[in-house]
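The values are calculated or read from the model by the stated rules, or taken from the named source; none is laboratory data. Treat the numbers as computed from the prediction; the structure is a model and nothing was measured. Because the Cβ atoms are built from the backbone with ideal geometry, glycine has one as well, and the counts that use them run over all protein chains shown. Areas reflect the complete protein model, heavy atoms only, side chains present, ligands, DNA and RNA absent. Shrake-Rupley method; radii C 1.70, N 1.55, O 1.52, S 1.80 Å.
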Amino acid sequence: MTTSGTNSPAGSSGGGHESVSAAWELLLPVASAPVRGRGRALQSALREAVRSGRLAAGTRLPSSRELAADLGVSRGLVTEAYEQLTAESYLRSGRGAGTWVGGSARAAAGGARDLAPRAHGVLVDFRPGTPDLSLFPRSAWAAAHRSALGRLPHAALGYPDPRGLPELRDALAALLTRRRGVVADPERLLVCSGVAQATTLLGFVLRGRGMRTVGVEDPGSPEHSALFASAGVATVPVPLDDEGLALEPLVRSGVRAVVTTPAHQFPTGVAYSASRRSRLLAWARATDGLVVEDDYDGDFRYDRAPVGALQGLDPERVAYTGSVSKSLAPGLRLGWLVAPASMTDELVDRKRTMDLGNPALDQAVLADFVSGGGYDRQLRRCQRAYRERRDTLTRALAEHFPGSEVSGVAAGLHAIARLPERWGPEGEFAERAAGAGIAVRLLRDYGTARPTDGCVRLVLGYAHVATTDIVRGVRTLAGLGRNPR
């Protein structure tokens with residue numbers, strides 16, 4: 001490939017021939033491209049050469065006649081490519097002055113990175129919060145997908161009701177009423193991108209009503225504070241006791257909204273007592289307040305039937321949130337918010353401006369999966385697997401850590417293990433575990449309180465760990481050595 005002439009405009013790089021020659025290999029595929037695709041191939045190759053800097057700003061390009069001859073294509077194809085890229089500001093041209101590389105383009109960023117949390121160099125990962133993704137019902141989900149795609153009318157693929165497809169809201173309302181005792185009016189149910197979006201929506205609405213602080217459980221999920229902060233709402237930690245959220249500190253905090261996990265508190269594993277549930281609702285009524293109920297693993301109780309949702313006792317004082325992140329997969333990003341009637345319109349307006357609603361096809365698939373019984377079957381399957389793994393964990397702890405205790409109700413996807421003082425201090429134990437390739441989390445990582453008895457308190461997630469790995473991981477932890485005290 002040659003450049004046309006030796007003249008260059010003021011300020012050009014003066015290295016036109018070298019730049020075009022260096023970019024020649026980028027244009028070679030044009031000659032071998034299908035005839036109908038050569039124009040697009042040439043435009044794409046020239047764009048990439050300019051963006052990457054292979055064709056430097058100020059470089060004069062060959063005439064359309066010369067480039068067409070070099071590539072073995074028609075002159076009109078090259079002329080059209082030059083005109084298109086000139087219109088896009090990659091190139092510039094003047095009457096009788098030729099075609100030059102413009103100065104507007106900049107190099108594109110590198111390839112896409114994966115920022116999803118991954119466990120690298122970990123032999124056994126006991127960190128909580130993840131279900132067993134291998135249990136995802138691929139065949140049943142694929143069948144529901146085919147069914148939904150086949151039955152959906154064309155109109156259903158337009159912008160959806162921001163609350164969610166009516167058939168999904170009906171299916172979820174029936175499910176939550178039956179399984180969790182929720183007072184679930186489909187007109188007050190919003191389909192969300194998980195509990196995370198439900199929490200953020202509530203944060204925006206509460207801030208719009210003048211609330212600047214919200215109470216959160218201490219210890220509790222760190223995600224709640226980050227989500228409310230994104231809506232401009234600060235969080236106030238409220239301590240727990242053996243029955244749940246401590247009411248006296250809640251009253252002293254002055255907040256009028258609080259986030260709770262009453263069925264199976266995260267991370268302590270406490271189930272709120274009947275008395276504490278009643279007193280919490282009385283507080284909400286007396287303060288004209290709101291209780292946000294995060295029912296993230298309320299379906300997974302192994303020693304008895306799950307306690308019904310707090311929301312069923314007072315639907316106007318409790319906003320109920322849940323998702324399929326633990327029962328199916330967090331990557332689906334599907335959840336729900338059952339709102340008090342007084343807040344529903346504000347939440348719907350905020351949901352509309354946030355994303356115009358969740359993907360219609362994904363909602364239709366979940367609706368078919370729930371109404372066809374697939375979701376109930378999936379819950380039973382997960383319950384069997386997770387119960388077995390919890391039993392394996394408790395047996396392994398008893399065998400390899402004499403004197404250890406597992407606290408909290410038999411439920412959920414994690415357990416709290418208290419190891420005797422001789423395995424401490426906590427920080428050193430966690431470092432030794434990491435060095436051995438065993439990922440663990442300390443209870444103190446989830447709250448402000450620090451233990452004073454010298455024991456090691458671990459939050460051990462087991463749902464995503466195979467039974468053989470549970471035993472191997474506990475055995476490895478026990479073999480890390482004890483404090484000589």
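So the values come out like this:
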read-out	value
The stretch 248-375 shape via C-alpha gyration tensor axes, a/c threshold 1.5	oblate
Histogram of C-alpha separations across the stretch 69-157, 10 Å bin width, %	11, 18, 15, 14, 21, 18, 4, 0
Kirkwood hydrodynamic radius of the stretch 342-391, Cα pairs, Å	13.7
Antiparallel DSSP beta bridges within the chain, as percent of all bridges there, nearest 5	60
Helical contribution to [θ] at 222 nm, DSSP H n ≥ 4, -39,500 (n - 2.57), averaged over the chain, rounded to 500	-13000 deg cm²/dmol
Shape call, the stretch 221-300: gyration tensor on alpha carbons, a/c limit 1.5	oblate
Alpha carbon convex hull of the stretch 136-257, volume per residue in cubic angstrom	166
Share of pairwise Cα separations in the chain, more than 36 Å, in percent	49
Pairwise label distance in nanometres, Leu157 with Glu83, each label 7 Å out on the Cα-Cβ vector	3.4
The stretch 409-485 - Debye-derived log10 I(q)/I(0), Cα point model, q = 0.14, 0.20 Å⁻¹	-0.45, -0.92
Peptides ranked, highest mean first, by Cβ atoms within 10 Å: ranges 409-422, 125-138	409-422, 125-138
Carbon and sulfur %, accessible surface of the stretch 30-115 computed with the full protein complex present, 1.4 Å	47
Alpha-carbon centroid distance for the pair the stretch 318-369 / the stretch 404-470, whole angstrom	33
Solvent-accessible area per residue for the chain (1.4 angstrom probe, square angstrom)	45
Charge sum, other residues only, whose C-beta stays under 11 Å from Ala234's C-beta, Lys/Arg counted +1 and Asp/Glu -1	+2
